[in-house]
Amino acid sequence: MNSAFPLLLLLSLVTTFFSSKIFAYGSTDTITSTNFIKHPSTIISNADSFQLGWFSPLNSTAQYVGIWYHQISIQTLVWVANKDTPLNNTSGIFTISNDGNLVVLDEYNTTIWSSNITSPTANTTARILDSGNLVLEDPVSGVFIWESFEHPSNLLLPAMKLVTNKRTQQKLQYTSWKTPSDPSKEGILEQQFWNQSKGNWEQSWSAFSTECDYYGVCGAFGVCNAKATPVCSCLTGFKPKDEDEWKRGNWSNGCERITPLQCESSARNNSRVEEDGFLHLETVKVPFLVEWSNSSSSGSDCKQECFENCLCNAYAYENGIGCMLWKKELVDVQKFENLGANLYLRLANAELQKINDVKRSENKGTVIAIVLPTTLVIFIIIVIYFCWRWKANKNEYIKNGKRLKLRKDDMIGDESELKELPLYDFEKLAIATDSFDLSKKLGQGGFGPVYKGTLLDGQEIAIKRLSRASNQGYEEFINEVIVISKLQHRNLVQLLGCCIEGEEKMLIYEYMPNSSLDAFIFGKIYRCLSSEFQDFSIFCFRITNHTNHNANILHVGSAKQKLLDWRKRFNIINGIARGLLYLHRDSRLRIIHRDLKASNILLDKDMNPKISDFGMARIFGSNEVEANTIRVVGTYRNYPTNND
């Protein structure tokens, strides 16, 4: 038992010590010299309304002693002790010093803030009240010898008062935080309320939102515009009294008139000059120190009253308010973007003339700035339109896979509606013929060379390419398009489409593998093309010349003639006759070919004849039986002798 007693005594002392420390670190609402607040401890008011202790503002590591609402989720500070002298570490203490003052001490026990009572009482105590007021009490009388309500920060709480001590001229002043992270002195007075449903503070009123809200910031006859840089400028017709100070941003000296008023100069010199006038200023805050007139019942009366008094610098008239006159310096004028009043500023006639000249110059410049670009745009649109029209008329077709439509003036001998014709791209035709390789050439006519081509889908075609040196030109080309596009018969060659790109003009026909009739009748030398004539009992042999080495040559002579027995000859003659009968009688248009010869009769794989080359054809009307042909038409050729 004797050995257990010292242990129990030790436990009792330890419990007492920690109980006192817990008391100091937040278990009561009171601070003494022994029960202090060390970071990060706090104490709470009796009814749990406010909390006192150490805190760091948003986005800051600086340490302050302050008071905030205890039961509001967002930490809302109502008072800060060391707002101008923050701690940069967590070693601070908030306590009562030996002289009875509330103090904030740093890690070296140096005082960085004090309640600064000149005649404090020993053994004082501090207490946080449920009103948010931190008070320093006399331990004997209980009198408050210092309180935070008399040293406010940036918030006015319900129990606080704005008073001035008439004897000492001491004022209670509120200063806003510099930033949300810096409680040092700056700024703007505003009223806020706690929105319980939204859980945040909302602003209900603000005294100052811009620099222009401070009274007379631009001095006499100056105007403040919060949207301008700098915010201050002189009223029209005025200049800074001190140019150097004005440029430095010190606008307190204000502005003065550039030209004296007529009423002032005429009174001194007894001379006649142009009368003063008024400049209309829109959407402004009217100046301070207004004088009301009860004798003016309209805007014109108010203007006349101001005009007759040389001391009157400006007037304003508002329905329901009446006539307002300013007979002293115009102070605290502010320019708004909208709303605001109309103020009429008195100026000398010379200044009004300058203003009118500037306005006329600006209006002239505005007209020129509008007319010139508009004229230029219209001109460009017209040029683009005529270029488009010229290009459309020149090309005579619509690109990108659309179909060719010919103009009426291109139609020779007929103006009936054309059947739309597919349009081929030059690039596709070049690919189909290996860039119009000589090995793909089938023959040469008056129109130009004819090539064999194979499209990407495997379709074989024959391409007539208009030669630039050809005696037949654009007229014959269009004529052939017109004629064949109107005709459909088994014994007429089928026109698949055409190509017109720049100077290139080509017709695309169905491919006739057995060439033309003259090759069978007269015999002819052909190049061996792939497997052509493979069914014929003839042969290919090689020749060599200086221009085209190792060209494959096919001599078609008596071997082909032997293939044309009388039955085939009769079928060919019959097919040609049927084609001519269709052209001359059965077609809805009466057509004369005018260049019918064996080389213009093509043979398909079954030796069926098809009439081709309608470049010289002539279209007759349905009731015409004859027509004049002035020029000689057709194409030249050398007929073979018997030795061929």
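Can you find even one residue in the range 262-279 that is closer than 30 Å to Thr210 by Cβ and not aromatic (Phe, Trp, Tyr)? Talk me through it step by step, then tell me what you get.
Narrowing the range 262-279 to residues closer than 30 Å to Thr210 by Cβ: 278-279.
If we keep only those that are not aromatic (Phe, Trp, Tyr) as well, we get 279.
The answer is yes, given that some residue of the range 262-279 is closer than 30 Å to Thr210 by Cβ and not aromatic (Phe, Trp, Tyr).
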*asked:* Being of a type in the set (A, V, I, L, M, F, W, C) and surrounded by 13 or more Cβ atoms within 10 Å (Cβ to Cβ) is the filter here; which residues of the range 428-443 pass it?
replied: Leu429, Ala430, Ile431, Ala432, Phe436, Leu442
_Of all residues being closer than 21 Å to Phe193 by Cα and of a type in the set (A, V, I, L, M, F, W, C) in the range 53-77, which is modelled with the lowest pLDDT? Just the residue, please._
Leu58
*asked:* Just checking, does the range 404-414 include any residue being surrounded by fewer than 15 Cβ atoms within 10 Å (Cβ to Cβ), at pLDDT 90 or above and touching a strand residue (DSSP E or B) at 6+ places or on another chain (Cβ under 9 Å)?
replied: no
*Would you please name the residue that is surrounded by the most Cβ atoms within 10 Å (Cβ to Cβ), looking only at residues in the range 229-261 that are in contact (Cβ under 8 Å) with a residue 60 or more places away in the chain and part of a loop (DSSP other than H, G, I, E, B)?*
Leu235
*Quick one: Asp613 ticks every box in (1) assigned by TED's automatic domain parsing to the domain that holds Val481; (2) at pLDDT below 55 except a single one, so which number is it?*
(2)
*Within the bounds of the range 373-385, is there any residue that is over 30 Å from Val481 (Cβ atoms) and part of a strand (DSSP E or B)?*
no
_Quick test for you: out of Ser45, Ser41, Ser56, Ser49, pick the one residue that is under 30 Å from Asn200 (Cα atoms) and without any contact (Cβ under 8 Å) to a residue 12 or more places away in the chain._
Ser56
*Being in contact (Cβ under 8 Å) with a residue 24 or more places away in the chain and more than 19 Å from Gln51 (Cα to Cα) is the filter; apply it to the range 123-155 and report the residue that is nearest to the chain's Cα centre (by Cα).*
Ile145
*Tyr315 fails exactly one of the following numbered conditions: (1) surrounded by fewer than 18 Cβ atoms within 10 Å (Cβ to Cβ); (2) within 30 Å of Asp213 (Cα to Cα); (3) among the hydroxyl-bearing types (Ser, Thr, Tyr). What is the number of that condition?*
(1)
*Among residues of the range 82-105, those that are under 16 Å from Ser33 (Cα atoms) and touching a strand residue (DSSP E or B) at 6+ places or on another chain (Cβ under 7 Å), counted*: 11
*From the set of residues in the range 548-581 that are out of contact with any Ser or Thr (no Cβ under 9 Å at 6 or more places or on another chain), part of a strand (DSSP E or B) and among the aliphatic types (A, V, I, L, M), which is modelled with the highest pLDDT?*
Leu554
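So that you can scan it fast, the table gives a plain yes or no per residue for (1) surrounded by 14 or more Cβ atoms within 10 Å (Cβ to Cβ); (2) among the aliphatic types (A, V, I, L, M); (3) closer than 28 Å to Gly575 by Cβ; (4) modelled with pLDDT under 80:
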{"residue": "Gln459", "(1), (2), (3), (4)": "no, no, yes, no"}
{"residue": "Gln472", "(1), (2), (3), (4)": "yes, no, yes, yes"}
{"residue": "Glu475", "(1), (2), (3), (4)": "no, no, no, yes"}
{"residue": "Val481", "(1), (2), (3), (4)": "yes, yes, yes, yes"}
{"residue": "Leu492", "(1), (2), (3), (4)": "yes, yes, yes, no"}
*Residues in the range 340-357 that are closer than 24 Å to Trp251 by Cβ and either of a type in the set (A, V, I, L, M) or in contact with a strand residue (DSSP E or B) (Cβ under 7 Å, 6 or more places away or on another chain) (or both): how many?*
9
_Qualifying strands (runs of 3 or more DSSP E) (wholly inside the range 264-365; at least 3 residues being closer than 19 Å to Phe238 by Cα and either touching a residue at least 60 places away in the same chain (Cβ under 8 Å) or in the same structural domain as Cys224 (by TED's automatic domain parsing) (or both))_ = 277-285, 333-335, 341-347
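The values are calculated or read from the model by the stated rules, or taken from the named source; none is laboratory data. From a predicted model like this one, the values you see are computed outputs, not experimental measurements. Backbone-built Cβ (ideal geometry, glycine too); neighbour counts: all protein chains shown.
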